[in-house]
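Encoded as structure tokens, the structure appears first; notes follow it.
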Amino acid sequence: MEKSALQIARAAYQPKLPQALKGAVVAKEGAATQSVGNQEEIKALFPNTYGMPVVEFVAGEAKQTEAINVGIILSGGQAPGGHNVISGLYDGVKTLNKDSKLYGFLMGPGGLVDHKYVEFTDEFIDEYRNTGGFDIIGSGRTKLEKVEQFESGIEILRKLGIKALVIIGGDDSNTNACVLAEYYAAKNYGVQVIGCPKTIDGDLKNEQIETSFGFDTACKTYSELIGNIQRDCNSARKYWHFIKLMGRSASHIALECALETQPNVCLISEEIEQKAMSLDEVVCYIANIVAQRAADGNNFGTVLIPEGLIEFIPAIKKLIAELNEVLTDPATGESREFASAEEQIAFVTSNIAADNLAVLNSLPADVKRQLCLDRDPHGNVQVSLIETEKLLSAMVAKKLAEMKEEGKYVGKFSAQHHFFGYEGRCAAPSNYDADYCYSLGFNASRLIASGKTGYMSVIKNTTAPAAEWIAGGVPITMMMNIERRNGQNKPVIRKALVELEGAPFKFFASKREEWARETAYVYPGPIQYFGPTEVCDQCTKTLALEQGK
């Protein structure tokens, strides 16, 4: 395979490890834990994996470790650094015992169920170190939640002699990992299950998980593109650029990119929900900033829009909640089947409340159609298919035309549209993500060696130099609560939304009026892999602000 000079140089990069993982370790256990919500219900659902302690690895005495076979699965959307989790796990199990083996299940959880796998070797792994993407074994969105899937999985695990399974995924995937760990523990099957926190959305974090991997690289990739657009914007001085950013439920990516690039407008879904803003109020907010800049002679600017914005506008959120209910078959918990799109739309409009129907009918036809039809494998509206950036710019143009008639606007408005999503999911990982992911994988091998199951691999204190990072594990049940999914109450890992009282949002809020009126753009440039640490090894501004750095 032909490789670029950068690929060759990156292949030689040796990711940094926490000092705690560089020798023999022992797991130091904390107090018993409980779930973040619905404690009694979660405890009843997970009697074998509930209440376990948080663990931290500290230096211990070296001892002979038996060879162990481990399996690994990539689940859900791609995120930069996944290959380093795998290479870190591979190196970790080999340092425990050179005869240990690592197997990768192909195309996500479905590979476990369908018995499709590959055994990793030194040569195989070396081709993928420090690279982006999930192409080493592929990923998938098969949900592991049925007994027949668990039983099919145990057949291949026994055949290969696999004693531990590592699942790399987001909140839904790690919820499934927890369910699988509980099932295998209850059956005494002798298979451990460990999770790794992955999602570029940044919404898999809590007191124990500082950040999900891939968030750093994705935000830096998007910020480079936004900076390039802002440089062009400030040069041509005639366009407003409406930029939608990936992030299905939370606005972490939009907020981080705003902190890195200082756009004129950045919408934060969580704030819009808290203020109970209508779609018209959001449009008026943008239009007024456009008018203010036009009064200063600046008929250009940038607007950052989180992908999930439409779901956070209260009236639309209420509509979507009822759509999710009526489109789910209560008997099976699965999505209803319809002969045609028209039949499905007719069913929806005949079965939702009058106030929700009025909201649905007030939306443009294409948005109405997308809300009625498209669902992801978890039964959620596929908000990425709703072109919110075009919806908002069209409504802003209409509002500005009304303002011009009233003498409240004297400028020209022309819009360009962008959606940055796939551009960041498979980028070559930043040094931060390369180091963080390698550490997560290596650390997972120590959780396995310590006999843990139902745990998430965690690396903390990552604003400090890598040698000072803290390695350990946290019970996945600790992060769970009960939520309504597909018309049913289900145990899930609680998503971390942008905290409006948190330091990152407060800093942004203190600056946004200045950024709105002035042209205060920052141009981050491309990710740097070689050079001074202040250029190459920095974490996100979000994480630095959260930790007061």
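What to note about this one:
- Test: residue in the stretch 177-199 that is hydroxyl-bearing (S, T, Y) and closer than 30 Å to N298 by Cβ: no
- Of all residues in the stretch 128-158, those satisfying the criterion of being farther than 14 Å from V85 by Cα and open to solvent by 60 Å² or more (accessible area, probe 1.4 Å) are R141, E145, K146, V147, E148, E155, R158.
- Options L447, L440; residue that is at pLDDT 95 or above, under 19 Å from the mean Cα position of the chain (by Cα) and part of a helix (DSSP H, G or I): L440
- If the condition is being open to solvent by less than 60 Å² (accessible area, probe 1.4 Å), within 14 Å of D216 (Cβ to Cβ) and either outside any helix (DSSP H, G or I) or among the acidic types (D, E) (or both), then the stretch 530-546 contributes D537, C539, T540.
- Of the residues contained in the stretch 162-169, one or more are found to be open to solvent by 10 Å² or more (accessible area, probe 1.4 Å), of a type outside the set (V, I, T) and either out of contact with any Ser or Thr (no Cβ under 7 Å at 6 or more places or on another chain) or part of a helix (DSSP H, G or I) (or both).
- Selection of strands (runs of 3 or more DSSP E) fully inside the stretch 1-98 by the criterion of at least 1 residues being open to solvent by 40 Å² or more (accessible area, probe 1.4 Å) and under 24 Å from A185 (Cα atoms) returns 25-29, 55-59.
- Pair list, Cβ under 6 Å, 6 or more apart: the stretch 408-425 residue over 14 Å from A287 (Cβ atoms) and of a type in the set (F, W, Y), other residue open to solvent by 30 Å² or more (accessible area, probe 1.4 Å) and at pLDDT 95 or above: F420/L225
- Scan of the stretch 474-515 for residues that are over 23 Å from the mean Cα position of the chain (by Cα) and closer than 22 Å to E307 by Cβ, ordered by number: A509, R512, W515
- When E311, E281 are checked against the criterion of being of a type in the set (D, E, K, R), crowded, with 18+ Cβ neighbours inside 10 Å and in a helix (DSSP H, G or I), a single residue qualifies: E311.
- Residue in the stretch 440-458 that is touching a residue at least 24 places away in the same chain (Cβ under 8 Å) and closer than 28 Å to V283 by Cβ present: no
- Every condition in (1) touching a Leu at 6+ places or on another chain (Cβ under 9 Å); (2) aromatic (F, W, Y); (3) buried (at least 21 other Cβ atoms within 10 Å of the Cβ) is met by F300 except one, and the failing one is (1).
- Annotation for the stretch 168-175: at least one member residue is of a type outside the set (S, T, Y) and closer than 17 Å to L106 by Cα.
- Taking the criterion of being aliphatic (A, V, I, L, M) and surrounded by fewer than 18 Cβ atoms within 10 Å (Cβ to Cβ), the residues of the stretch 458-469 that qualify are A464, A467.
- Among the candidates Q192, Q208, residue that is over 23 Å from A79 (Cα atoms) and either of a type outside the set (G, A, S) or touching a Ser or Thr at 6+ places or on another chain (Cβ under 7 Å) (or both): Q192
- Top-ranked residue in the stretch 233-273 [being out of contact with any strand residue (DSSP E or B) (no Cβ under 8 Å at 6 or more places or on another chain), at pLDDT 95 or above and closer than 19 Å to K390 by Cβ; ranked as surrounded by the most Cβ atoms within 10 Å (Cβ to Cβ)]: I272
- With respect to the conditions (1) assigned to a loop (DSSP other than H, G, I, E, B); (2) farther than 26 Å from A218 by Cβ; (3) β-branched (V, I, T), T131 falls short on a single one, namely (2).
- Residue in the stretch 274-283 that is modelled with the lowest pLDDT, counting only those that are closer than 26 Å to K495 by Cα and not aliphatic (A, V, I, L, M): S278
- Residue list for the stretch 115-134, filter: on the phi < 0 side of the Ramachandran plot and touching a residue at least 24 places away in the same chain (Cβ under 8 Å): Y117, F120, I125, D126, E127, Y128, R129, T131, G132, F134
- Residues of the stretch 506-545 satisfying the condition of being in contact with a Ser or Thr (Cβ under 9 Å, 6 or more places away or on another chain), farther than 23 Å from A9 by Cα and not β-branched (V, I, T): Y521, Y523, L543, A544
- Residue within the stretch 474-491 that is open to solvent by less than 70 Å² (accessible area, probe 1.4 Å), in a helix (DSSP H, G or I), in contact with a strand residue (DSSP E or B) (Cβ under 7 Å, 6 or more places away or on another chain) and not small (G, A, S) present: yes
- Leading residue by the ranking (nearest to V282 (Cα to Cα)) among those in the stretch 382-393 that are in contact with a strand residue (DSSP E or B) (Cβ under 8 Å, 6 or more places away or on another chain), of a type outside the set (S, T, Y) and not in a loop (DSSP other than H, G, I, E, B): L392
- Condition met for I305 (at pLDDT 95 or above and out of contact with any Asp or Glu (no Cβ under 6 Å at 6 or more places or on another chain)): no
- Selection status of I162, touching a strand residue (DSSP E or B) at 6+ places or on another chain (Cβ under 6 Å) and within 30 Å of R10 (Cα to Cα): no
- When residues in the stretch 199-232 are screened for being touching a strand residue (DSSP E or B) at 6+ places or on another chain (Cβ under 7 Å) and open to solvent by less than 10 Å² (accessible area, probe 1.4 Å), 8 of them pass.
- Scanning the stretch 232-258 for residues that are in a helix (DSSP H, G or I) and closer than 16 Å to F420 by Cβ yields a total of 9.
- Within the stretch 508-525, being in contact (Cβ under 8 Å) with a residue 40 or more places away in the chain and in a helix (DSSP H, G or I) holds for F508, K511, R512, W515, A516, R517.
The values are calculated or read from the model by the stated rules, or taken from the named source; none is laboratory data. On a predicted model such as this, the values are computed, not experimentally measured, just so you know. Every residue, glycine among them, receives a Cβ derived from its backbone with ideal geometry; neighbour counts consider all protein chains shown. Note: accessible area is taken over every heavy atom of the protein model, side chains too, but ligands, DNA and RNA are not part of it. Shrake-Rupley method; radii C 1.70, N 1.55, O 1.52, S 1.80 Å.
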